[in-house]
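To keep things clear, I will list the structure first and then write my remarks on it.
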There are 2 protein chains.
Amino acid sequence: MINYSSSDFASNPFTVTVSRGPIVESHHHVIAAISDADGKLLRSWGDVKNAVYLRSAIKPLQALPLVETGAADALNVTEQELSLACASHNGEASHVDAVRDWLKRIGLDIGDLECGTHWPKYEPAALELASAGFTPTAAHNNCSGKHSGFLSTAIHMKEATQGYIDLDHPVQQRIVKVLEDFTDLDLSRAPIGIDGCSIPTIAIPLEKAALAIARFADPSKLETDRAIACRRIQTAIAKHPHMIAGTNRLCTALDGAARGAVIAKVGAEAVYLAALPELGLGIALKSLDGADRAAEVALGALLDDLGVMTDDIHKSADPYFHPILRNRNDIVVGHLKAVFD
Amino acid sequence: MINYSSSDFASNPFTVTVSRGPIVESHHHVIAAISDADGKLLRSWGDVKNAVYLRSAIKPLQALPLVETGAADALNVTEQELSLACASHNGEASHVDAVRDWLKRIGLDIGDLECGTHWPKYEPAALELASAGFTPTAAHNNCSGKHSGFLSTAIHMKEATQGYIDLDHPVQQRIVKVLEDFTDLDLSRAPIGIDGCSIPTIAIPLEKAALAIARFADPSKLETDRAIACRRIQTAIAKHPHMIAGTNRLCTALDGAARGAVIAKVGAEAVYLAALPELGLGIALKSLDGADRAAEVALGALLDDLGVMTDDIHKSADPYFHPILRNRNDIVVGHLKAVFD
């Protein structure tokens, strides 16, 4: 009479289940694609022709103009700052101080950031700020590093710094061009939304997102300067993983432990893009409901399937890839698991 | 070549879409049932025979023994405290102070709560606590009111107060009996998980959850004492809606504005149970992925469909039922919408 097995997810090619006690309490549907740099799809799950806003997962590509215009060299952008330019950071003191110093060095300040303000995503950082009697600034915004990169490029190119978040500003137009180059798409009629930090976010079919991040992973067939820029950004993230996210964050745990073999970046609404330079592959995935917890588990399952997990990655990233749910008394109450073909 | 319309949700009977710019960015699958007090299903969407952990959505029924044992009267439990016994509260000063006073009056203190500790769910309350140099106690746990009710019943019944969270303690066994009475089910072999606050949570088919909350809404065919207890709890919540949740929370906004016509209670992992006393109906729903944002929108759509919305409810609850997404610069970037047959 009572149905104790959830049937809904059985037919879906890629599901992440959330169990509590003996049954599945909730579940998530995931779409995913693994591509090489020529656009050959190695594997895919679900409708990967569907256009997806990549949100912050695309930040490593959005940072390319910072290097390619020569702004990074001209303005002495450090390797740490280059990682921060790709970040969705926690708003910890280390991130905020780095943004302040960077802006000061290029003759700007926090008031020039157009990303808006929010309390740090990392609860201890927010509580520490509040305990000290402070409120957040735009430097605490998780995108403030990316915006510092945008401002650096605008200054170097002698463009207006005001309005750099608008689609028709050269800063954004250079990014559209990068995305067109990397996806082989004409994006002039693509759906465009506004991101959390107010820049345009462009919907791209998931399989083309996988292609784009595969080309970033293996830039050997791109122009030399672009290939060098891709590798420089990869190195910056791998060497300074704290800057790309922060304490208790998967991107930091994974990108640090992988030592350059995986460059993964989360985006809002449960997107992940991961570059695998050693395999020359790119992974793009989204949990269709926007749940980050599912996207992390799905990414782990794909990396495991591809054989790229090392002892170091297991040690650092397994809490995110195989999460155990504990309650307010620290009792184990459930776990998450990937179920896919 | 590019697919800009998401096809995945077209076949699902009840979906909540999250749009950004011109397209749907994410979406949620919902199951829902509307029942009367005789168990007649008026409407249903999805597999409502599936067993679902009702989590905190069942709190109004978990509070019945507090009244039915005579504990509430013997221990002078106020109407505000009765609402608090059904709460998943914000941990605002008003909630925490009320729990402290209640426990003191029955000769106990915060150390007797077995719910565990967490920072207040309501960010301003957490930041205020941190600013003042404090850390949270078990009284800040969103379930501390329910646990104060459990302790009150144990004291009145001269039972051990220690271990009141265990399934075999009379406090929990009385709740199992209530649930069996209200669902017409033998729950002795039902799946049992551990809830966030460490009490057992029992999986119940969604259609039977709708029946249970319909009987709570229209208790006219129940024993007189039980019917009186149901109405007393309804009144307590309707008259003291701040106690059941708090600032910026749907349950408080809706249950206050509805003036007794709707008693809705959220549960973790996107469950809602809503009693409609004037119609003699009960609503049970869950977003299958556990996303609260979808459960709120789905509840609004069902209340609208049933014709129970008033100007007051619209005014208070529309921000939850028809949410507009704004970014860090307060720019409108998207919205949520229910799509169902």
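Worth pointing out:
- Check on B:Gly193, open to solvent by less than 10 Å² (accessible area, probe 1.4 Å), within 14 Å of another protein chain (Cβ to nearest Cβ) and in contact (Cβ under 8 Å) with a residue 60 or more places away in the chain: yes
- The set of residues in the range A:167-182 that are in a loop (DSSP other than H, G, I, E, B) and open to solvent by 20 Å² or more (accessible area, probe 1.4 Å) comprises A:Leu167, A:Asp168.
- Among the numbered conditions (1) within 13 Å of chain A (Cβ to nearest Cβ); (2) closer than 17 Å to A:Ile331 by Cβ, the only one that B:His169 does not meet is (1).
- Leading residue by the ranking (farthest from the other protein chains (Cβ to nearest Cβ)) among those in the range B:295-341 that are closer than 30 Å to A:Ala139 by Cβ, open to solvent by 30 Å² or more (accessible area, probe 1.4 Å) and of a type in the set (Val, Ile, Thr): B:Ile324
- Residue that is more than 17 Å from A:Thr17 (Cβ to Cβ) and open to solvent by 50 Å² or more (accessible area, probe 1.4 Å), where the choices are A:Arg259, A:Arg249: A:Arg259
- Of all residues assigned to the range A:229-246, none qualifies as being buried (at least 20 other Cβ atoms within 10 Å of the Cβ), closer than 20 Å to A:His89 by Cβ and within 14 Å of chain B (Cβ to nearest Cβ).
- Residue in the range A:67-82 that is buried (at least 24 other Cβ atoms within 10 Å of the Cβ), at negative phi and in contact with an Asp or Glu (Cβ under 7 Å, 6 or more places away or on another chain) present: no
- Test: residue in the range A:145-162 that is under 30 Å from B:Ala130 (Cα atoms), free of Cβ contacts under 8 Å to residues at least 24 places away in the same chain and assigned to a helix (DSSP H, G or I): no
- In summary, B:Glu25 fulfils each of the numbered conditions (1) charged (D, E, K, R); (2) under 13 Å from B:Gly149 (Cα atoms); (3) buried (at least 24 other Cβ atoms within 10 Å of the Cβ) with the single exception of condition (2).
- Taken as a whole, the range A:183-191 holds at least one residue that is at pLDDT below 95 and in a helix (DSSP H, G or I).
- Residue match in the range B:92-110 (condition: touching a Cys at 6+ places or on another chain (Cβ under 8 Å) and buried (at least 18 other Cβ atoms within 10 Å of the Cβ)): no
- Residue check, A:Ala130 at pLDDT below 95 and farther than 28 Å from A:Val271 by Cα: yes
- Beta carbons closer than 6 Å, at least 6 apart along the sequence or on distinct chains, pair a first residue in the range A:206-219 that is buried (at least 24 other Cβ atoms within 10 Å of the Cβ) with a second that is among the aromatic types (Phe, Trp, Tyr) and modelled with pLDDT of 95 or more for A:Ala212/A:Phe182; A:Arg215/A:Phe182.
- The number of residues in the range A:1-43 that are in contact with a helix residue (DSSP H, G or I) (Cβ under 9 Å, 6 or more places away or on another chain) and modelled with pLDDT under 95 comes to 1.
- For the range B:66-91, a residue qualifies if it is out of contact with any Phe, Trp or Tyr (no Cβ under 6 Å at 6 or more places or on another chain) and part of a loop (DSSP other than H, G, I, E, B), and the qualifying residues are B:Thr69, B:Gly70, B:Leu75, B:Asn76, B:Val77, B:Thr78, B:Ala85, B:Cys86, B:Ala87, B:Ser88, B:His89, B:Gly91.
- Every pair of residues 6+ apart whose Cβ atoms lie under 7 Å, when the first sits in the range B:112-125 and is facing another protein chain (nearest Cβ under 7 Å) while the second is hydroxyl-bearing (Ser, Thr, Tyr): B:Cys115/B:Ser144; B:Cys115/B:Ser198; B:Gly116/B:Ser198; B:Thr117/B:Thr137
- Restricted to the range A:263-291, and to residues there that are facing chain B (nearest Cβ under 9 Å) and assigned to a strand (DSSP E or B), the residue that is surrounded by the fewest Cβ atoms within 10 Å (Cβ to Cβ) is A:Ser287.
- Any pair with Cβ under 8 angstrom, 6 or more apart, that starts in the range B:307-320 at a residue that is assigned to a helix (DSSP H, G or I) and ends at one that is open to solvent by 40 Å² or more (accessible area, probe 1.4 Å) and modelled with pLDDT of 95 or more: B:Asp312/B:Arg259; B:Tyr320/B:Glu296
- Residue in the range B:44-65 that is crowded, with 24+ Cβ neighbours inside 10 Å, away from every other protein chain (no Cβ under 13 Å), in a loop (DSSP other than H, G, I, E, B) and modelled with pLDDT of 95 or more present: yes
- Which numbered condition A:Asp101 fails, given (1) of a type in the set (D, E, K, R); (2) more than 28 Å from A:Glu123 (Cβ to Cβ); (3) in a helix (DSSP H, G or I): (2)
- Residue in the range A:181-194 that is in contact with a helix residue (DSSP H, G or I) (Cβ under 6 Å, 6 or more places away or on another chain) and hydroxyl-bearing (Ser, Thr, Tyr) present: yes
- Within the range B:145-165, the set of residues being of a type outside the set (Ser, Thr, Tyr) and over 21 Å from the mean Cα position of the chain (by Cα) comprises B:Ala154, B:Ile155, B:His156, B:Met157, B:Lys158, B:Glu159, B:Ala160, B:Gln162, B:Gly163.
- Of the residues making up the range B:126-165, those that are facing chain A (nearest Cβ under 10 Å), surrounded by 18 or more Cβ atoms within 10 Å (Cβ to Cβ), touching a helix residue (DSSP H, G or I) at 6+ places or on another chain (Cβ under 6 Å) and farther than 23 Å from A:Val333 by Cα are B:Leu127, B:Ala130.
- Residue check for B:Gly193: out of contact with any Ser or Thr (no Cβ under 6 Å at 6 or more places or on another chain) and small (Gly, Ala, Ser): no
The values are calculated or read from the model by the stated rules, or taken from the named source; none is laboratory data. Values in this document were obtained by computation on a predicted structure and should not be read as measured data. Cβ atoms come from the backbone with ideal geometry, glycine included; neighbour counts cover every protein chain shown. SASA here: full protein model, heavy atoms, side chains in, ligands and nucleic acids out. Shrake-Rupley method; radii C 1.70, N 1.55, O 1.52, S 1.80 Å.
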